[in-house]
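In what follows, a structure is listed as structure tokens, so that the remarks can point back to it.
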Amino acid sequence: MLELKLHQLDFPLLSLMIFLPVLGAFLLLFIRNAATARWIALAFSIIEIVLCIPMLLNFDSSIPHMQFGESAPWIAAWNINYRLGVDGISILFVALTTLLTTISIMVSWTAIQDRVREFMVAMLFLEAAIIGVFVSLDLFLFYIFWEAMLIPMYLLIGVWGGPNRLYAAIKFFLYTLVGSVLMLVAIIAVYFAAGRTFDVLELMNYKFSYTFQMVAFAAFFAAFAVKVPMFPVHTWLPDAHVEAPTAGSIILAGILIKMGAYGFLRFSLPFFPDAALSWTPAIMILSVIAIIYGAYMAFAQTDFKKLIAYSSVSHMGFVTLGIFALNLQGLEGGILQMLNHGVSTGALFLAVGVIYERTHTRLIADYGGIAARVPVYATFLLIITLSSIGLPGTNGFIGEFTILLGAFMHAKSYAVIASLGIILGAGYMLWLYQRVAFGKITNPHNEHLADMNLREVAAALPLVALVFIVGLYPNAAFGMMHTSVSNLIQHVNAKAQSAPVITQMIRTVTGN
Amino acid sequence: MPSMFQEFARSIMPINAEVIVVTTALLVLIFDFFLAKESKQYLGWFSLFGIISAAIATYKLMGANGAFFGGTFLLDPFSTFFKFVFYIACGLGILLSINYLKIEDIHRGEYYALLLFATTGMMLMASAGDLITLYLGLELMALSIYILAGFMRRDNRSNESAIKYLLLGAFSSGIMLYGMSLLYGLSGTTNLAGILGFLRGADLANPVLFLAMIMLVVSFGFKVAAVPFHMWVPDVYEGAPTSVTAFMSAGPKVAGFAVLLRVFTYTLEPLHAHSTVIISGLAVLTMAVGNIMALSQTNIKRMLAYSSIAHAGYALVGLAAGGPEGAASVMLYVCIYALMNMGAFGVVIMLRKAGERGEEIGDFAGLGKTNRTAAFLMLIFMFSLTGIPPMAGFVGKFYIFKSAVQAGLVWLAVAGVLFSAVSAYFYLRIIMIMYMNEPKGSFELTTSPSLALALAISVTAVIVIGVYPTNLLNFARASIAGIM
């Protein structure tokens, strides 16, 4: 099965990527000047992107193994090791994290005036913790990063957020914490059941009893479903998005909520394949509900950010739909759609941030006809809107198409209902664009709106580029993940062969 | 031929550390006469010196494992571990007090002497090999703390605190003695090892035995503030001088757990099947009441009082799990708890200045703007108390819940994690108020070298143990392996 390829490079690349931002954060503690703090944070985040280059270049996508591995004993008494590694799935998220962090720092350049240093410290810590989540191969280590990430995110929303930030911050924290602590108990139970190990690769090969799988899967599900967020535990997301500063929203939508889906891929499926199969119908139904419900709610929103937040619920429904279709198309589509959503929604929040900084309103009704005043901005928003809808030629199309393909192969009914979500998505996004950009200028404040400046264009450009690169040449992403995903599917199927009768029955009934 | 002095020195060798602490306390009382009112802080530094000397003495005796003075005093790795925790609690207690006592205008020498006597009592409790020694240690500790709680004698709340603590404490001591006398009546010995020997061959279904066990649970439950024996805690914690509250929330509670571990995982081990049921029940109740009541507090000391109840609940989960792992998890937990809780009280003390109590939670408003360091420290302690990694509080809780799962008490672990999620609400409220509210008026914090030192020690420990707990963990496990 999977193995950890140790010491591929001469230096511990992944550790460096985790601890460099931490070092940057410590450095910032000694900086008094806000401008210097901004530049230092930006420099560290750019170094992170630069570090991605040797990672992507040296990654061998033809083998499913964990690469750039590092392993060192940490808490020997509990058999806990500091183990890192990336495969074709996590490597993409690490790269996305470094990109979105840099963009977030750039869009906060003038938007954050209060306690700049602390803001940048939080951003760098957040980056470190998120990268840690994606590269950990020890459950204990993973949980440390998973929880530690809550601290900077909580502060980002709570300190630099909007008027209702206190409520949103605590809601975000409590929702995710309750889910996570249940997973913690399950992690401990897994540790004892598998003979005292937190090693993810060992656990993947361990065959847990069916009953154990069902319970443990549910506990892991509690943590991941809240994070995704799946219907009906999604209610923290609109609040958190609306109140968070632009940078917080970008990270939240772009990466944080992907961690839930990543958790399904990395832990739930390989550890508990039988339970995953048994739970599949329920999760598919929840995903479909999320798709339709999220889209439906998006129609009703008057707030720019809230609309995007609900569209996230809808899009993440596609992601979980693809993952739990449990076939190659579904999984690859799901993963690609996670990246796409990170790019497009990150860009959408960037767009909201840019305009909000000028007008200080997020109400859609306060806009209208701004395309004539800010053509660059309007073009940017249009590209992103189309990508979010899934127009062919953009990244969104590839992702949604592949997911629907996978879902269709799994069970036709889900695919049919989910495709309604795409239509609804086109509806609310185009309507949003129409209300914001077209028509006559109704709000006199928008008469002298300034267009995007160089810094903002620079932040937006990589995202726009990704929209087309992935849209026109999706193999850039698929090629990276393909071996890992096929391996995952083979693994799940091989492990689940001996599924109990009940699972077989459920599979027959649902037509899989 | 060895001289009489050498003979004597050898015979008191096992209690060297206790002797040093008591001697320091007596010297403090004597020096007190010669010091002017404004230079009492030297007594504090001298007491600290005494504690450090005692720590060195204990360190030199490390590895020893034996019973002395007719089996009444045990010098074993288990007691050594706890003594180090007591030194930390007492040392931090002294550091927190020096400047605070000046502000409260209660800077008197007895304060340090009483603190040291209380510490001696706790050391005896951890080392007790006999019910009588155990009781003596407990009373020495409790009596000293009754006085300390009422140390602000012109303050009504302080008086109320002392009286409440004394009355309820005396009551619980009575129950404890009753339980002990029943045990003695059954086994014919007060020696802990002797009782264990008796229980191994006894009829465990004896209702009197059961009654004795219940009485011990009740009385120790009082000492560690387990629900439903917690009623005294909020009032006593609120009324006592804050430095005493800080010490009280750490030292005596840890000592209580030392005794609980010694009695329930060693002496009454044959009764584990029974005691675990009762202790599990207490643990759930304690976590529930502590965390839920803390949600609605407006006074920071009362909030921390309920939080300390809740933390006793987590430690009880480890006790209910039992066995070497359960015991080691309790030891690790109480050590970490003492550090983070005293750190949090340290920040509370910073807010106290002449003419202003600084005890309302609202007084923390805007601290993140006016005093970044204090707010940041409080942030670390609050996240640690919630149990969020990478702070030490997480490691402590993790071990507790791990040992509970190992012992098959999964439901208890689930209850524990859910209640710690509840606790996030009130700990985070402090952070929210510090960082997300605007400051009210000007903010001049009281800082002093001693306070800064105490905070530096506790925050460093909280982070270092959180990131790399291996050493402390191995120490706790090795210490428990010595007696089980």
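The values are calculated or read from the model by the stated rules, or taken from the named source; none is laboratory data. Computed from a predicted structure; not experimentally measured. All Cβ positions, even for glycine, are placed from backbone atoms using ideal geometry, and neighbour counts span all protein chains on display.
Side notes on the structure shown:
- Qualifying residue in the range A:352-369 (condition: assigned to a loop (DSSP other than H, G, I, E, B) and without any contact (Cβ under 8 Å) to a residue 12 or more places away in the chain): yes
- Taking the conditions (1) buried (at least 24 other Cβ atoms within 10 Å of the Cβ); (2) touching a strand residue (DSSP E or B) at 6+ places or on another chain (Cβ under 6 Å) in turn, A:GLU127 satisfies each one other than (2).
- The helices (runs of 4 or more DSSP H) falling completely within the range B:409-484 that include 3 or more residues that are modelled with pLDDT under 95 and at the interface with chain A (Cβ under 9 Å from one of its Cβ atoms) map to B:410-436, B:470-481.
- Residue within the range A:60-79 that is in contact (Cβ under 8 Å) with a residue 40 or more places away in the chain, assigned to a strand (DSSP E or B) and small (Gly, Ala, Ser) present: yes
- Subset of the range B:349-391 [closer than 23 Å to B:LEU316 by Cβ and away from every other protein chain (no Cβ under 12 Å)]: B:PHE381, B:LEU385
- Within the range A:416-463, the set of residues being free of Cβ contacts under 8 Å to residues at least 24 places away in the same chain and more than 13 Å from A:ILE292 (Cβ to Cβ) comprises A:GLN434, A:PRO444, A:ASN453, A:LEU454, A:LEU461.
- Positions within the range A:464-506 being modelled with pLDDT of 55 or more, closer than 14 Å to A:TYR210 by Cβ and surrounded by 13 or more Cβ atoms within 10 Å (Cβ to Cβ), in sequence order: A:LYS495, A:ALA496
- Test: residue in the range B:66-76 that is more than 20 Å from B:VAL19 (Cβ to Cβ), touching a residue at least 40 places away in the same chain (Cβ under 8 Å) and either in contact with a Cys (Cβ under 6 Å, 6 or more places away or on another chain) or charged (D, E, K, R) (or both): no
- Among the residues making up the range A:187-199, a single one is hydrophobic (A, V, I, L, M, F, W, C) and touching a Lys or Arg at 6+ places or on another chain (Cβ under 7 Å): A:ILE188.
- Among the helices (runs of 4 or more DSSP H) confined to the range A:112-215, the ones with at least 1 residues that are over 27 Å from A:GLY353 (Cβ atoms) and more than 9 Å from chain B (Cβ to nearest Cβ) are located at A:116-135, A:139-148, A:165-193, A:200-205.
- Checking A:TYR377 against (1) in contact with a helix residue (DSSP H, G or I) (Cβ under 6 Å, 6 or more places away or on another chain); (2) crowded, with 22+ Cβ neighbours inside 10 Å, the condition it does not meet: (1)
- Among the candidates A:GLY334, A:GLY393, the residue that is in contact (Cβ under 8 Å) with a residue 12 or more places away in the chain, farther than 22 Å from A:ALA247 by Cα and surrounded by 19 or more Cβ atoms within 10 Å (Cβ to Cβ) is uniquely A:GLY334.
- Within the range A:370-409, the set of residues being in contact with a Pro (Cβ under 9 Å, 6 or more places away or on another chain) and assigned to a strand (DSSP E or B) is empty.
- Looking across B:LEU136, B:LEU131, B:LEU114, B:LEU143, one residue alone is surrounded by fewer than 24 Cβ atoms within 10 Å (Cβ to Cβ) and under 19 Å from B:LEU261 (Cβ atoms). It is B:LEU136.
- Residues (of a type in the set (D, E, K, R) and without any contact (Cβ under 8 Å) to a residue 40 or more places away in the chain) located in the range B:124-143: B:GLU139
- With a requirement of 3 or more residues that are without any contact (Cβ under 8 Å) to a residue 24 or more places away in the chain, the helices (runs of 4 or more DSSP H) lying completely within the range B:221-324 that satisfy it span B:272-294.
- Some residue of the range A:236-259 being over 30 Å from A:ILE112 (Cα atoms) and in contact with a Leu (Cβ under 7 Å, 6 or more places away or on another chain): no
- Residue count for the range A:196-218, restricted to those that are touching a Phe, Trp or Tyr at 6+ places or on another chain (Cβ under 7 Å) and hydroxyl-bearing (Ser, Thr, Tyr): 1
- In this structure, B:MET152 does not qualify as touching a Gly at 6+ places or on another chain (Cβ under 8 Å) and closer than 21 Å to B:PHE247 by Cβ.
- Residues (touching a Ser or Thr at 6+ places or on another chain (Cβ under 9 Å) and not in a helix (DSSP H, G or I)) located in the range A:410-452: A:ALA411, A:ASN443, A:LEU449
- Exactly one residue out of A:ILE31, A:ILE18 is assigned to a loop (DSSP other than H, G, I, E, B), surrounded by 13 or more Cβ atoms within 10 Å (Cβ to Cβ) and out of contact with any Asp or Glu (no Cβ under 6 Å at 6 or more places or on another chain): that is A:ILE31.
- On the stretch given as the range B:43-64, residues that are modelled with pLDDT under 90 and under 14 Å from B:LEU95 (Cβ atoms) total 0.
- Any hit, the range A:31-45, residues being under 22 Å from A:MET259 (Cα atoms) and not aliphatic (A, V, I, L, M): yes
- Just so you know, in the range B:41-73 the residues that are within 22 Å of the chain's Cα centre (by Cα) and not in a helix (DSSP H, G or I) include one that is surrounded by the most Cβ atoms within 10 Å (Cβ to Cβ), and it is B:PHE73.
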